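Visitor: Sharing a structure here in structure tokens format.
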Amino acid sequence: MTYAQPDSLPDGDWSLETLAVRAGQVRSQFNEHAEALYLTSSFVFDSAAQAAARFSGEEEGMIYARFTNPTVIMMQERLAALEGAEGCVATASGMAAILATVMALMKTGEHIVASRSIFGATQQLFGTILPRFGIETTFIDSPASEVFRAALRPNTRLLFIETPSNPLTEVFDIAALAQVAHAGNVLLVVDNCFCSPALQRPLEFGADLVIHSATKYLDGQGRVLGGAVCGPRALIDEVFKFLRTAGPCLSPFNAWVILKGMETLALRMRQQSANALELAQWLEHQPQVERVYYPGLASHPQHALAMRQQKTGGAIVAFDVRGGREVAWRVVDHCRLLSITANLGDTKSTITHPASTTHGRISAEARAASGIGEGLLRISVGLESPADIEADLNRGLTA
Ligand SMILES: *Cc1c(COP(=O)(O)O)cnc(C)c1O
């Protein structure tokens with residue numbers, strides 16, 4: 001794999017805000033200011049000898065966009081810089097990143113330990129598709145690291161978590177779980193979608209790999225699908241080898257959109273977190289609201305842990321309304337500003353009723369056991385004024 005040398009940013013100890021704007025850019029012979037979009041599927045060689053050298057790996061350089069593309073490499077390098085990772089490989093979506101990780105690093109007969117509160121499609125992949133290939137997953141219902149330790153087997157290869165979890169914002173102790181994983185010779189994989197590297201850098205706490213759905217906060221404006229895996233070069237090279245052969249790679253156009261999206265990542269996450277905190281505090285004072293789930297609130301059971309490993313509480317707020325599904329749906333249906341969609345991570349705030357959407361296919365008992373009640377609503381807080389968001393919710397709450 002060819003790793004471009006970022007040439008718009010001299011070596012140095014740059015802050016995250018600076019890296020978000022400048023890391024990874026490589027300029028062409030035209031010395032363009034903005035990152036160039038290379039919409040090309042293949043690359044031309046000077047001679048038969050050069051073609052042979054490129055294919056044999058003797059000479060570094062572009063061959064075909066399923067392998068590498070300069071715009072995709074710029075996006076990978078920028079994200080690697082933000083996560084503090086040696087390497088990054090971009091994928092067609094967040095799910096493609098998770099699939100590529102499993103396919104590259106696991107084989108039949110091996111085992112995954114994963115928290116139950118992970119993205120629905122990840123649960124489906126681990127629970128229903130991988131077993132057909134002889135890879136079993138044990139799902140853990142608790143954030144306690146002893147429970148994860150007890151589930152490890154000699155054939156366990158990956159310990160997989162998302163923190164904070166969706167939709168209840170449960171926080172998992174990355175450093176403690178890294179110790180558990182490493183003691184068992186297991187890799188800790190963290191899906192960092194909810195925080196993004198602007199708020200949480202799992203590798204600093206000992207995680208081995210970081211997964212992203214770039215569809216969420218990295219793009220941040222709801223435009224494209226994308227994903228990525230970040231980590232040490234040796235592991236990333238394995239994921240890349242799978243990807244260049246199997247093909248779920250990121251399109252150059254999507255890479256370019258995400259690359260430009262990352263420029264405002266730190267800014268957006270700061271403001272969206274501040275809006276989320278304000279909204280969470282307001283919700284705590286509404287009589288129709290039974291409970292608020294937000295790691296930035298002192299009332300969150302893992303507030304101290306969250307503040308140790310995250311810069312802010314993030315921009316996802318969940319809450320239980322009194323009156324179950326009827327009142328929850330009333331709140332949703334009275335929204336004129338918030339978008340009714342299960343998507344998250346956008347500058348536009350969204351609202352969803354998990355029990356009838358994202359978690360609707362799970363049995364009612366399993367849902368109740370995981371704490372996802374009929375009165376639960378989840379908001380992905382965007383950049384609108386918190387006062388306007390509160391007014392939107394208040395209409396349904398007081399109807
Ligand atoms: C959306 C999401 C994914 C999947 O990403 P896609 O880009 O939709 O494939 C994985 N993990 C989390 C936490 C997500 O929110």
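Quick note: the coordinates plus some simple rules give every number you see, no bench work behind them. No experiment lies behind these values; they were computed from the predicted model shown. We place every Cβ from the backbone using ideal geometry, glycine too, and count neighbours over all the protein chains shown.
Visitor: What are the equivalent ellipsoid semi-axes of the range 214-337, built from the alpha-carbon gyration tensor (square roots of five times its eigenvalues), in whole angstrom, biggest first?
Guide: Values: eigenvalues 250, 70, 44 Å².
Output for the range 214-337: semi-axes of 35, 19, 15 Å.
Visitor: Moving on to the next point. Do me a favour and compute the ellipsoid semi-axes for the range 266-397 from its Cα gyration tensor, root of five times each eigenvalue, largest one first, whole Å. Present the calculation step by step, with values, prior to reporting the outcome.
Guide: Working: eigenvalues 92, 64, 40 Å².
Equivalent ellipsoid of the range 266-397: 21, 18, 14 Å, largest first.
Visitor: Hey, another quick one. Rg and Dmax of the chain over Cα atoms: what are they, in angstrom?
Guide: 21.6, 75
Visitor: A further question on this structure: Give the lysines whose C-alpha is closer than 16 Å to that of residue 348, dropping any in the same chain fewer than 8 places away, or say none.
Guide: Within reach: 216.
Visitor: Where does each of 219-230, 180-191 land if you order them by average Cβ count within 10 Å, highest first?
Guide: Per-residue mean Cβ counts within 10 Å order the peptides as 219-230, 180-191.
Visitor: Let me ask another. Of the DSSP beta bridges with both residues in the range 2-262, give the percent that are antiparallel, rounding to the nearest 5.
Guide: Of those bridges, close to 35 percent are antiparallel.
Visitor: Give the lysines reachable from residue 107 as a straight Cα distance under 26 Å; neighbours fewer than 8 places away on the same chain don't count.
Guide: Hits, sequence-local ones excluded: 241.
Visitor: If you filter the range 348-392 for trypsin sites (Lys or Arg not before Pro), then keep DSSP loop positions with at most 16 other Cβ within 10 Å, what is left? Could you put the intermediate results ahead of the total?
Guide: Values: sites: 348, 361, 367, 378; in loops: 348, 361.
Loop-located and lightly packed - 348, 361.
Visitor: Longest segment of the chain with no GluC sites (Glu not before Pro) in a DSSP loop having at most 12 other Cβ atoms within 10 Å?
Guide: 61-399
Visitor: Suppose a student asked you for the relative contact order of the range 2-262, using Cα pairs under 8 Å spaced at least 6 residues apart; what percent would you report?
Guide: Reported relative contact order: 23 percent.
Visitor: Tell me what the chain gives for mean residue ellipticity at 222 nm when only DSSP H runs of n ≥ 4 count, each as -39,500 (n - 2.57), the sum divided by the residue total, rounded to 500 deg cm²/dmol. Provide the component values of the computation, followed by the final result.
Guide: Numbers: 14 runs with 144 residues, N = 399.
Value at 222 nm, helices only: -10500 deg cm²/dmol.
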